[in-house]
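Some notes on the structure that comes next.
The values are calculated or read from the model by the stated rules, or taken from the named source; none is laboratory data. Note that this is a predicted model, so its numbers are computed, not measured. We place every Cβ from the backbone using ideal geometry, glycine too, and count neighbours over all the protein chains shown. Ligands, DNA and RNA are stripped out before the accessible areas are found, and what is left, the full protein with its side chains, is counted by its heavy atoms. Shrake-Rupley method; radii C 1.70, N 1.55, O 1.52, S 1.80 Å.
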Amino acid sequence: MSTWHILGAGSLGGLWAARLSRAGLPVRLILRDQARLAQYRVAGGLTLVEDGLASLHPIPAEVPSTDIPIRRLLLACKAYDAEEAVAELAPRLTPGAEIILLQNGLGSQEAVAARVPRAQCIFASSTEGAFREGAPEGNSWRVVYAGRGQTWLGTPGERRAPEWLEELQRAGIPHDWSDDILAKLWRKLALNCAINPLTVLHDCRNGGLRDWPAEVAGLCEELSELLHACGQGAAASDLHQDVLRVIDGTAANFSSMYQDVACGRRTEIGYLLGYALREAQRLGIELPRLQDLLQRLREHLAARGLPVD
Ligand code: NAP
C-alpha cells in the first residue's frame, strides 16, 4: 500500500489527510519549511471540524527536502504554487509516481506534467468545501468541512480507474472516476468565469447577480463560443441555464474569489478567466466582454495591492 504524501496542509489538503488517516491509511504531510513544521508539532496534529465536532489527527509531517521516496502525491496547494512545489519534490518521486492534482481552473496541470514527465498525473475537480479556521491562516491547523460535494478524478485519455480509488471509498471521500475530466474542469472554469469576477466587481453575494441578467447572459454567450472553439462542446451545453441555477442555488454565498479579495489573498484568476482568455488568443477568437471583465478585475485587484495574475 502506497503512502499518501499530501503537500499543502491547508483547507482541502487537511480535509483529505484527516479522512484518509482516520481510515487507517498511511499519510504524511509535506509542509513548506522547518518553521511550519515546528508550528505544526506544537499544535500536535491537524484538527478536523465536521458537523460541529472537532477531532485531532496527529499525522506525521515532514519538509520537502526530506529524502523519503514518494510514490503517491496529493498536491493540495493553490494553482499558482503547484509547479514550483512539484519541482521541489521532483528528486523524491519514484518512476511512474502518481500525482493527484486538486487545483481549480486549468493551466497548472499542464505546467506540473511538463515539470515531471515521468509521473502519472491525475486531475481532480471538486465541489467539496473547506476552510481554515483561526488567524493567521498559515498557522492554522484547524480545518472546517463546510460543504459536502463530490470530487471527480481522471486522466485525459484514460478510461480505466486506478485500484486505489477503493482507498477513497474506505476513507468516505465522495468521488467518481471521469473519462472526460477536461470537460469537468472546463465546465467548472466557465461557471467560475461567469459568476466569480462579477461578484467581486459588484461587491455582492452570488444571488446579487440576479440584478445583472444581461451582463451574465453576455458572458455565457462568449464562454460557450470559447468552449466550442476548444473542442469542449459538451461543457458548453446549457451553460447559461446552469449559471442561473448556481446563482439561485448559492444565492446567500460569497464566491471563493470574493472571499479571497475580501481577505486580501491572491486569487487564482490566472488559471480561470486569465486561462480562458489566453486560450481565446491562441485560437484567434475575439471575446470583448470577457476581455473587458478581465481588465476591470485586474484594475480592482491592483487598486487593492493584490497580484493581477
Ligand atoms: P489553502 O487553504 O490556501 O491551502 C493551500 C496550502 O498549500 C497551504 O497550507 C500552503 O501552505 C500550502 N503550500 C503552498 N505551497 C507550498 C509548498 N511549496 N510547500 C508546502 N506547502 C505549500 O488552499 P485550498 O483552499 O485548500 O485550495 C487548494 C486548491 O483546491 C485550490 O486550487 C482551490 O481552488 C481548490 N479548491 C478548494 C476548495 C475549498 O473549499 N477550499 C474547493 C474546491 C477546490 P502555507 O500555509 O504555508 O502557505
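In this structure the amide hydrogen of H57, modeled in the peptide plane, comes within under 5 Å of the amide hydrogens of L46, T47, L48, none closer than 5 places in sequence on its chain.
Coupling constants for the stretch 192-198 follow from the phi torsions by the Karplus curve (6.51 cos²θ - 1.76 cosθ + 1.60, θ = phi - 60°), and in residue order they are 4, 5, 7, 10, 4, x, 5 Hz; glycine and proline get x. Here the stretch 183-303 has 48 percent of its accessible surface on carbon and sulfur atoms, given a 1.4 Å probe and all protein chains in place.
In the complete set of protein chains, residue-level accessible area for T94 is approximately 40 Å², probe 1.4 angstrom.
When shorter helices are ignored and each DSSP H run of at least 4 residues is given -39500 (n - 2.57), the per-residue value for the chain at 222 nm works out to -13500 deg cm²/dmol. Placing a label point 7 Å from the Cα of T250 along the Cα-to-Cβ direction, the residues of the stretch 8-29 with a backbone N closer than 16 Å are 12.
In the stretch 183-303, a dipole from Cβ-located charges (positive for Lys and Arg, negative for Asp and Glu) runs towards its positive end, and of C263, L297, Q241 it is C263 whose Cα lies farthest in that direction. Relative to the longest principal axis of the Cα atoms of the chain, the long axis of helix 79-89 makes an angle of roughly 30 degrees. Considering the stretch 183-303 at the alpha-carbon level, its Rg and Dmax are found to be 13.4, 38 Å. Relative protection proxy for 293-306, 259-272, from highest mean packing down: 259-272, 293-306 (other beta-carbon atoms within 10 angstrom).
For the pair E225 and D180, a Förster radius of 35 Å applied to the C-beta separation gives a FRET efficiency near 0.95, rounded to the nearest 0.05.
Here S237 and Q295 are evaluated by their C-beta separation; at R0 = 22 Å the FRET efficiency comes out at 0.15. Of all DSSP-defined beta bridges confined to the chain, some 35% are antiparallel rather than parallel. Antiparallel beta bridges, as assigned by DSSP with both residues in the stretch 4-179, represent about 35 percent of the total such bridges. Extension gain for A303-A217 works out to 28.2 nm (0.36 nm per residue, less the C-alpha to C-alpha distance).
Accessible surface area normalised per residue over the chain is 46 Å², counting heavy atoms of protein chains with a 1.4 Å rolling probe. Within the listed set L53, L25, L198, the Gaussian network model of the chain (springs between alpha-carbon atoms below 10 Å) gives the highest mean-square fluctuation for L53. Evaluating 6.51 cos²θ - 1.76 cosθ + 1.60 at θ = phi - 60° for every residue in the stretch 47-53, the Karplus couplings come out as 9, 10, 10, 10, 6, x, 9 Hz, glycine and proline recorded as x.
Computed from backbone phi with θ = phi - 60° and the Karplus coefficients 6.51, -1.76 and 1.60, the 3J(HN,Hα) list for the stretch 63-78 is 9, x, 7, 4, 9, 5, x, 10, 9, 9, 10, 9, 8, 10, 9, 6 Hz; x is used for glycine and proline.
Using a probe radius of 1.4 angstrom, the carbon and sulfur fraction of the accessible surface of the stretch 4-179 is 49%.
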